[in-house]
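> I am attaching a structure below and will ask some questions about it afterwards.
The values are calculated or read from the model by the stated rules, or taken from the named source; none is laboratory data. Everything numeric here is computed off the predicted structure, so don't read it as measured data. We place every Cβ from the backbone using ideal geometry, glycine too, and count neighbours over all the protein chains shown. Please note that ligands, DNA and RNA were not included when accessible areas were found on the heavy atoms of the full protein model with its side chains. Shrake-Rupley method; radii C 1.70, N 1.55, O 1.52, S 1.80 Å.
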Amino acid sequence: MFSHEHLALQSVRLKPAEKWAGKANELSFVFPKAGGGQYVSPGVKHRLAPGDVLIFNSAPEGGLCADAGGELAFWCFSARLEYLFPLFASSEIGLLQNLAEDLKAARRHDSASPLARECHRLLAETPPRFDLVHRGQLLRVVAAVLGVEFMRAAL
């Protein structure tokens, strides 16, 4: 059964003392839109600003928080890789285990990167209703991100 966050775009606003961690065993896709903050987990720290993209395979010790004295507003959704298996080619399925492990450390794409610009463009075109068209548009974001990650893994 799908969680209510699976391929469902949500808006989150964190105050300085709050933490957001995503869902266990799911890829979390985070798109900062206002304010500043950071993603912190053991051995990893990523500064986040509007326009960036953050992807991580939820680690129980990790999470997002706003900068001191400010707020962090972002769009997010999650996806479970096993729900997406029918969409992958056999060569991509062979890369999934390593990709899932690599993303436990989180990956940040700067707002100036072509991937971040493409993701934010696709999100702006996502309809607000939670239907097939909404999920299909978020799948386009997942495809853009994982396409870059597959190319990186193949190197």
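> Report the calculated FRET efficiency for I93 and E125 (r = Cβ-Cβ distance, R0 = 35 Å), to the nearest 0.05.
About 0.75, to the nearest 0.05.
> Additional query: Can you list the HN-Hα couplings for the range 114-119, worked out from phi with the Karplus curve (6.51, -1.76, 1.60; θ = phi - 60°), rounded to whole Hz and with x for Gly and Pro?
So the J values, rounded to whole Hz, are x, 5, 4, 4, 5, 4.
> For L48, enumerate residues with amide H under 5 Å from its amide H, sequence gap 5+ or separate chain, H modeled in the peptide plane.
G37, Q38, Y39
> Here is a follow-up. Could you state, as a whole-number percent, how many of the C-alpha pairs of the range 44-132 are farther apart than 23 Å?
36 percent
> Hey, rough spin-label estimate for K33 and H6, points 7 angstrom out along Cα→Cβ, what's it come to in nanometres?
2.5 nm
> Sticking with this structure for a sec: Roughly speaking, to the nearest percent, how much of the chain's 1.4 Å accessible area is carbon and sulfur?
58 percent
> OK, next. If you plug each phi of the range 124-131 into the Karplus form 6.51 cos²θ - 1.76 cosθ + 1.60 with θ = phi - 60°, what whole-Hz ³J(HN,Hα) values come out, in order, with x for Gly and Pro?
4, 8, 6, x, x, 6, 8, 9
> Write down the accessible area per residue of the chain in Å², having rolled a 1.4 Å probe over the full set of protein chains.
Result: 51 Å² per residue.
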